[in-house]
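Enquirer: I'd like to ask some things about the structure below.
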Amino acid sequence: MLMTADAVKTIDSPGEEVVIELSHAAFGYGERAVLRDASLTVHRGEIVAIVGPNGSGKSTLMKGILGLNERVSGSVQLFGVPGEDLHERARLGYVPQRHTLSASVRATAEEIVATGRLPRIGWLGRLRATDRQLVARALDLVGLADRAATEVSTLSGGQQRRVLIARALAGQPDVLIMDEPTAGVDAANQHVLADVLVRLIQRGVTMLIVTHELGALERLLTRIVVVDTGRITFDGTPQEYALARDRVHHDHDSHHHDLELDAHHAVAHGPLDTDHTDIHSRGARP
Ligand SMILES: Nc1ncnc2c1ncn2[C@@H]1O[C@H](COP(=O)(O)OP(=O)(O)OP(=O)(O)O)[C@@H](O)[C@H]1O
């Protein structure tokens, strides 16, 4: 693994090291479990797409991994230790859903991205040359090197999302968790964002990505996990997903918005379309 002052840690190929392991985990808000019996193993270097209908529990799953909601039962292991015992929270980079920067934020792109270093250097820490270098590289990686000194409030929604991705990258995460990074971004910017994600994947970032628009990412995925009505109903390779898709009766009248977004896409068909999916190929490895 490259441990130099790079914005991302690179690896040669997906390894056997388990970075995230959920065992029969239930997550929710208050005492109410929204996502139940979730078992999931993610190895270093994997690119996992989390797909499923609106309100099925995808964000709840991401937040559960990050410890941002209640774990009602089951266990979460992060980098081999119980999630609650993980002190280096920066090892998990998070780009939250539908999040742009408030119009009232008066800061440059560089300043926002630099806050991504705080978990590493501490709130009272000072940015050193290496930190500044990492911030610059993160901005470069998302294609915003020339906007470093620009006030974020003047950037487009898509550019702001790229700033937030750069902020997550600046913390040198081992795993990047992104909740619909392309949602609410116009078509032209969707392509730019997709290119950014492809670049990150090519650099070997382990990624969990909730998305309705796999597009260019699809061929780079190692796993597809389907969440439906609060359960993981499918977990397998894209190839297994394609096979499962062919076995499953398609309900094209379903209201799952994946269909609306990309009628030609693989994710537009298959387990997502049914309310009676019996496919379960958990823990499959490429
Ligand atoms: N902070 C919260 N407090 C209480 N309930 C919540 C909270 N956030 C989400 N929920 C509920 O949990 C359920 C699953 O929501 P979640 O956001 O995980 O779904 P999702 O699959 O990410 O949906 P979408 O595709 O629309 O983003 C929904 O019924 C939602 O109302």
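Enquirer: Evaluate E = 1/(1 + (r/R0)^6) for Glu111 and Arg219, where r is the Cβ-Cβ distance and R0 equals 35 Å; express this FRET efficiency to the nearest 0.05. Intermediate values should be presented prior to the final figure.
Expert: Working: r = 36 Å, r/R0 = 1.03.
The calculated FRET efficiency here is 0.45.
Enquirer: When the label point is put 7 Å from the Cα of Val198 along its Cα-to-beta-carbon vector, which residues of region 213-242 have a backbone N closer than 16 Å?
Expert: The answer is 213-222.
Enquirer: What is the sum of charges, Lys and Arg at +1 and Asp and Glu at -1, for the other residues whose Cβ falls under 13 Å from the Cβ of Val152?
Expert: Neighbourhood net charge equals +2.
Enquirer: Karplus couplings for region 55-67 from phi (6.51 cos²θ - 1.76 cosθ + 1.60, θ = phi - 60°), rounded to Hz, Gly and Pro as x?
Expert: x, 7, x, 5, 5, 4, 5, 4, 5, x, 4, 7, x
Enquirer: Quick one: net charge of Arg71's neighbours, Cβ under 12 Å, K/R +1, D/E -1? Display every interim value, and only then the final one.
Expert: On the way: positive: Arg36, Lys63; negative: Glu31, Glu70, Glu84.
The answer is -1.
Enquirer: Magnitude of the Cβ-charge dipole of region 27-86, K/R +1 and D/E -1, about the Cα centre, nearest 20 debye? Don't skip to the answer; put the middle values down first.
Expert: Details: 6 positive and 6 negative charges, 38 e Å.
It comes to approximately 180 debye.
Enquirer: Something else now. Starting from 0.36 nm per residue, how many nanometres of slack lie between Leu243 and Ala149 once their C-alpha separation is accounted for?
Expert: Working: separation 94, 0.36 × 94 = 33.84 nm, distance 4.86 nm.
Value of the extension gain: 29.0 nm.
Enquirer: Sticking with this one: If I model a spin label as a point 7 Å beyond the Cα along the Cα-Cβ vector, how far apart are those points for Leu127 and Ser104 in nm?
Expert: Here the answer is 2.4 nm between the modelled labels.
Laboratory data are not the source of any read-out in this text; all were calculated from the coordinates shown. What you are looking at is a predicted structure, and each value in this text was computed from that prediction instead of being measured. Cβ: placed from backbone, ideal geometry, glycine included. Neighbour counts: every protein chain shown.
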